[in-house]
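*Asks:* Starting off with a structure, shown below.
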Amino acid sequence: MNKFPCHIVILGVIAALAMTWTYAQEPSARLLFLSKSVGFEHSVIAQKDGKPSWADNILTKLAEEHDATITCTKDASLINAENLKNYDIVVFYTQGDLTQVGDKDGAPPMSENGLEELLTWIKNGGRFMGFHCASDTFHTPSGAPVTAYIKMLGGEFAGHGAQFRGTVKVVDSGHPTMTSIPQNWTIREEWYTFKNLNTDSIHVLALLDPGEERAKQKMYDVPPYPIIWCREYGAGLVYFNGMGHREDVWTNPTFQQSIVDAATWLMAEPNYDKVVPKEGEK
């Protein structure tokens, strides 16, 4: 005999449907995409003749398709406490010390307080998304403690070799950001290796398996290592994807959908399907 009265079951179904509807009706995201480069500018973010970059166009299209708004800029001075109030998600495809003008795009630098204000914004509930060379930003000086930015991101660029077809192995298929990525996704890319991985706080979503490249490039003769991860940072959320070097990666439907999935997860209620360990930096 069913020990739950019918009216309780019905109310439970209604509540579940209401929660699903609430999730589906998340407010439109407001994104700020920063692509300032100091020492090296990737081709996918190069703006020629004042026209939007390859990545600018892709992200703008995705935003329009999903009823979101996005500001694409190389002006790092926009990363400040007052302006960050206008955004839900900050996206970095950046390189170098962003407080410097640099010799690549000549865009305005971040203020001396900009990084601290960004980290405070995230800790207070902001959402951060980084791609590829976001890990090549605010490097840790040799022999110095890991920088606050790298601690927030969860890992730091160590190097890369020649491009090759590697396999992205999903390790948490139940996480909302992994919904559209095949269990073993083989794709050609410039694959970064990482150091200062904050293994106590990041939640690994996918690993890179170099496969046969281990026999060709010594630096990749290693076990599968994290290539996509997420984490809590105070009351905020952080998502990082080491991919995004090549133009054809940005046009790949799977990669594009993974961006949408990540943004959707970042915009979701704080405790909705969140599979992230508690912050515990060391």
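The values are calculated or read from the model by the stated rules, or taken from the named source; none is laboratory data. What you see is a predicted model; the values in this text were computed from it and never measured. Heads up, the Cβs are rebuilt from the backbone with ideal geometry, glycines too, and the neighbour counts pull from every protein chain shown.
*Asks:* Return only the number of the condition from (1) touching a strand residue (DSSP E or B) at 6+ places or on another chain (Cβ under 8 Å); (2) within 23 Å of Gln47 (Cβ to Cβ); (3) part of a loop (DSSP other than H, G, I, E, B) that Val146 does not satisfy.
*Replies:* (2)
*Asks:* Testing Ile187 on (1) in contact (Cβ under 8 Å) with a residue 60 or more places away in the chain; (2) at positive phi, one condition comes back false. Which one is that?
*Replies:* Checking Ile187 against (1) in contact (Cβ under 8 Å) with a residue 60 or more places away in the chain; (2) at positive phi, the one that fails is (2).
*Asks:* Could you check segment 235-256 and list, in sequence order, the residues that are within 13 Å of the chain's Cα centre (by Cα) and assigned to a helix (DSSP H, G or I)?
*Replies:* Those that are within 13 Å of the chain's Cα centre (by Cα) and assigned to a helix (DSSP H, G or I): Phe255, Gln256.
*Asks:* Answer with yes or no whether Ala107 is out of contact with any Cys (no Cβ under 8 Å at 6 or more places or on another chain), part of a helix (DSSP H, G or I) and surrounded by 15 or more Cβ atoms within 10 Å (Cβ to Cβ).
*Replies:* Spelling it out, it is not the case that Ala107 is out of contact with any Cys (no Cβ under 8 Å at 6 or more places or on another chain), part of a helix (DSSP H, G or I) and surrounded by 15 or more Cβ atoms within 10 Å (Cβ to Cβ).
*Asks:* Test each condition in (1) surrounded by fewer than 20 Cβ atoms within 10 Å (Cβ to Cβ); (2) at pLDDT 95 or above for Asp200 and report the one that comes out false.
*Replies:* (2)
*Asks:* Moving on to the next point. Quick test of your reading of the structure: Glu232 fulfils all but one of (1) of a type outside the set (Phe, Trp, Tyr); (2) assigned to a strand (DSSP E or B); (3) touching a His at 6+ places or on another chain (Cβ under 6 Å). Name the failing condition by number.
*Replies:* With respect to (1) of a type outside the set (Phe, Trp, Tyr); (2) assigned to a strand (DSSP E or B); (3) touching a His at 6+ places or on another chain (Cβ under 6 Å), Glu232 is out only on (3).
*Asks:* Looking at the structure I just gave you, is Phe128 within 14 Å of the chain's Cα centre (by Cα) and in a strand (DSSP E or B)?
*Replies:* When the stated conditions are applied, Phe128 passes them.
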